[in-house]
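Asks: What follows is a structure written as structure tokens; I'll ask about it next.
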Amino acid sequence: MKIAVLPGDGIGPEVTAEAVRVLEALGLPGLTLAHADVGGAAYRQHGHPLPAATLELARSSDAILFGAVGDPTCDNLERALRPEQAILGLRKELGLFANLRPAKVFKGLEDTSALRPEVAGAIDLLIVRELNGDVYFGDKGMTTLPDGRRQGWDMMSYAEDEVRRIAHVAFRAAQGRRGKLCSVDKANVLETSQLWRDVVCEVACEYPDVALSHMYVDNAAMQLVRSPGQFDVIVTGNLFGDILSDQASMCVGSIGLLASASLSEGTLGLYEPIHGSAPDIAGQGKANPMATVLSAAMLLRHSLGLEAEAARVETAVAKALADGVRGSDLGGSHGTVAIGDAILERL
Ligand code: IPM
Ligand code: MG
């Protein structure tokens, strides 16, 4: 069992270190961890955000534990050299097309949500976001029109097989949960979305036990705040999923608690907190590592098939929260290492 550890930028290294401590504490026989640079950190060391050696390590591993990429000092580099290209490149190169982003309110945290406690307490949903297509990977460019105005453009598209395979992931996920799937699109305006909706309906025939509904993305954003408890599994494209998953995190109470898995057709997966590099608090030892620890739990479950160990880690995090362990993101005073210690004690 070989895990590539890619800490990246900002708070990435701090939060990843705590997740590594948790993985090591499990004492799994045959587990090896190999670190490599990624993002802005890799650009500074090797001149590229995703060096060939890092990609090779990731490719040859069973799973990837990823911190975060993003560094404001790199914002003026040409796009191909910016830190974000590292995560986009890994997703594309390794065929990591299925992004699972669970959002659930931990007991005792109902009050930290931006929503009323009784609304927040009902949240237990999973966003299944497509990761290899959409406007993220279409043709894009900047030109100057004949009259001198500058124009930027990004092409949104999905091919039917891309929609079909993410739909299958989402239907199967719904089968393992409460049997409800909501497909989110903008079919009232976009052709890409019309195809999306048509294909999801076709796939639905194979899953008569799942109740499928459709929602436009603007309405979904509104419903996520109005009554998030209505959702079980949400399946959506790359761009809408990016936005809705950040929104879901705040409904839960903190973006510092949300884990994610990016899965391929096989068992290889990349696991990362959804919060990003948070450069404003980097290096201060106050980032909440719980999202990364929970991502490590997803790694154990999805790539290594270690369900019992995954549940053990998740229970330890839930216990720490129930016992009042709170990072600064939740208005508490526990620092990164103190939270790691608290989780380890409860393992
Ligand atoms: C995410 C992030 C990335 C994305 C960025 C860093 C490219 O926001 O994983 O949600 O847009 O997918
Ligand atoms: Mg995002």
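Asks: I need a count of the residues in region 293-325 that are surrounded by 20 or more Cβ atoms within 10 Å (Cβ to Cβ) and part of a loop (DSSP other than H, G, I, E, B).
Replies: Here the count works out to 2.
Asks: Answer yes if at least one residue in region 240-262 is assigned to a helix (DSSP H, G or I), aromatic (Phe, Trp, Tyr), over 20 Å from Ala114 (Cβ atoms) and under 14 Å from the mean Cα position of the chain (by Cα), and no otherwise. Outline the logic, then answer.
Replies: Narrowing region 240-262 to residues assigned to a helix (DSSP H, G or I): 240-252, 255-257.
Now drop any that are not aromatic (Phe, Trp, Tyr), which leaves 240.
Okay, now just the ones that are also over 20 Å from Ala114 (Cβ atoms), so 240.
From what's left, under 14 Å from the mean Cα position of the chain (by Cα): 240.
The answer is yes, given that some residue of region 240-262 is assigned to a helix (DSSP H, G or I), aromatic (Phe, Trp, Tyr), over 20 Å from Ala114 (Cβ atoms) and under 14 Å from the mean Cα position of the chain (by Cα).
Asks: Among the residues of region 74-89, write down those that are away from ligand 2 (no atom under 15 Å from the Cβ) and either within 15 Å of the chain's Cα centre (by Cα) or part of a helix (DSSP H, G or I) (or both).
Replies: Within region 74-89, Cys74, Arg79, Ala80, Leu81, Gly89 qualify.
Asks: So, in region 225-239, how many residues would count as being of a type in the set (S, T, N, Q), part of a helix (DSSP H, G or I) and more than 15 Å from ligand 2 (Cβ to nearest atom)? Explain how you work it out, then say what you get.
Replies: From region 225-239, those of a type in the set (S, T, N, Q) are 227, 230, 236, 238; that's our starting set.
Filter once more, so that each one left must be part of a helix (DSSP H, G or I): 230, 238.
Add one more test, that the residue is more than 15 Å from ligand 2 (Cβ to nearest atom), and what stays is 230.
Here the count works out to 1.
Asks: Among the candidates Ala63, Ala86, Ala80, Ala103, single out the residue that is away from ligand 1 (no atom under 12 Å from the Cβ), assigned by TED's automatic domain parsing to the domain that holds His46 and touching a Leu at 6+ places or on another chain (Cβ under 6 Å).
Replies: Answer to the selection: Ala63.
Asks: Do the conditions hold for Ala174, that is, is it assigned to a loop (DSSP other than H, G, I, E, B), in contact (Cβ under 8 Å) with a residue 40 or more places away in the chain and more than 17 Å from the chain's Cα centre (by Cα)? So that I can check it myself, show each step before the final result.
Replies: Numbers: assigned to a loop (DSSP other than H, G, I, E, B): no; in contact (Cβ under 8 Å) with a residue 40 or more places away in the chain: yes; more than 17 Å from the chain's Cα centre (by Cα): yes.
Answer is no for this residue.
Asks: Given the residues Val252, Val233, which is the only one that is buried (at least 22 other Cβ atoms within 10 Å of the Cβ), touching a Leu at 6+ places or on another chain (Cβ under 7 Å) and closer than 23 Å to Ser193 by Cα?
Replies: Working: Val252 fails: closer than 23 Å to Ser193 by Cα.
The match here is Val233.
Asks: Pick from Leu212, Leu131, Leu181: which is touching a residue at least 24 places away in the same chain (Cβ under 8 Å), within 16 Å of ligand 2 (Cβ to nearest atom) and surrounded by 13 or more Cβ atoms within 10 Å (Cβ to Cβ)?
Replies: Values: Leu212 fails: within 16 Å of ligand 2 (Cβ to nearest atom); Leu181 fails: within 16 Å of ligand 2 (Cβ to nearest atom).
Exactly one residue qualifies, and that residue is Leu131.
Asks: How about region 254-274: which of its residues are within 12 Å of ligand 1 (Cβ to nearest atom) and among the polar types (S, T, N, Q)?
Replies: Result: Ser260, Ser262.
The values are calculated or read from the model by the stated rules, or taken from the named source; none is laboratory data. Just so it is clear, the model here is predicted, and its values are computed rather than measured. Here Cβ is always computed from backbone atoms with ideal geometry, including for glycine, and neighbour counts include all displayed protein chains.
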